[in-house]
Amino acid sequence: MPTSSDRVLKPVRNLPVQLADRLRERLLAGEWQAGDRLPTEGQLGQEYGVSRSTVRGALQLLENQGRTRTRHGLGTFVAAFGGEIKTSLPELQSMSDIIRAHGFEPQMRFDTAEVRPATDVERARLQLDRDTTDVFATQRAVLADGEAVAFSDDQIPVGVLGRDFDPVTVDGSLFELLRAHDVAPTTSVADIHAVSATSIGWGVHHPGSIFLLLDQIHYTDKGLAVLASKTYFAEGRFQFSVLRVR
């Protein structure tokens with residue numbers, strides 16, 4: 001059970017995300033069950049030392065992930081959580097973190113992981129200069145409890161990873177790999193498409209399967225492109241939501 005000191009949030013810009021993470025941990029620990037009403041915005045704000053707007057943003061993130069339902073005038077209730085992996089499209093998180101947050105065990109199965117010369121298209125996407133010729137390129141399946149939920153083609157400039165980088169050592173999240181080299185993607189630009197092709201996932205799925213493609217470039221807070229990815233999310237396993245306002 002967290003102590004009061006454990007619940008103090010650090011004063012950084014993503015307070016709603018921090019609070020959502022803390023509340024999600026308590027949900028996964030079974031502190032609240034499906035149908036239970038969460039403490040009020042005022043109670044949570046007092047408990048964590050944050051404003052009501054921060055609490056409201058955190059609860060919205062949890063609702064986007066399918067973990068809670070807010071009933072106006074009644075409060076926020078724990079949702080009966082199904083097998084889909086839900087996330088808010090504007091949130092920039094690693095797939096491993098999203099899968100883990102839903103109570104599943106993430107795993108990466110690499111078909112290829114190699115250092116090779118960048119193609120002209122990759123050089124343009126990653127804004128590589130003439131001195132940067134190689135990329136770390138992967139093709140991988142993303143698994144949740146052993147089941148493939150996404151397939152991804154990715155490229156990282158080798159210069160970001162250092163001269164001693166060895167692709168053989170990589171077996172997990174690429175976000176974690178970047179963090180280990182003190183590189184933190186903070187934004188991404190994504191094009192979104194619905195696609196169906198037998199070439200996706202090396203033909204290990206049903207030929208009629210539909211995927212949501214996120215074609216992304218990830219950037220640091222200084223605008224450096226550090227990861228290009230085309231990730232194909234399996235229909236029925238990953239569900240994205242977008243908060244729209246008028």
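None of the figures in this text is laboratory data; all of them are computed from the coordinates on show. Because the structure is a prediction, the values reported are computed rather than measured. Heads up, the Cβs are rebuilt from the backbone with ideal geometry, glycines too, and the neighbour counts pull from every protein chain shown.
Numerical summary
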| quantity | calculated |
| --- | --- |
| Additional length obtainable on full extension of the chain from residue 47 to residue 21, 0.36 nm per residue less Cα span | 7.9 nm |
| R0 of 30 Å, Cβ-Cβ distance residue 72-residue 145: FRET efficiency to nearest 0.05 | 0.30 |
| For the chain, built as a Gaussian network whose Cα springs stay under 10 Å, the top-fluctuating residue of 78, 55, 121 | 121 |
| Value of D in µm² per second that Stokes-Einstein yields for the range 5-78, Kirkwood Rh from Cα pairs, at 4 °C (1.567 mPa s) | 106 |
| Angle in degrees between helix 15-28 and the longest Cα principal axis of the chain, rounded to the nearest 10 | 80 |
| Cβ charges +1 (Lys, Arg) and -1 (Asp, Glu), total dipole of the chain, debye | 1100 |
| Alpha-carbon Rg/Rh ratio, for the range 20-172, with Rh computed the Kirkwood way | 1.11 |
| Two-decimal ratio, the range 98-179, of alpha-carbon radius of gyration to 2.2 N^0.38 Å | 1.19 |
| Cα long-axis angle, helix 52-64 against the chain (0 to 90 degrees, to the nearest 10) | 60 |
| Spatial separation of Cα centroids for the range 73-134 and the range 148-206, in angstrom | 7 |
| 3J(HN,Hα) from dihedral phi, the range 222-238, Karplus parametrisation 6.51/-1.76/1.60, rounded to Hz, x for glycine, proline | 9, x, 7, 6, 10, 7, 10, 9, 10, 10, 9, 8, 5, 4, x, 10, 10 |
| Mean shadow area of the range 85-241 over all directions, Cα convex hull, nm² | 9.1 |
| Efficiency of FRET from Cβ geometry, residue 122 and residue 56, R₀ 25 Å, rounded to 0.05 | 0.05 |
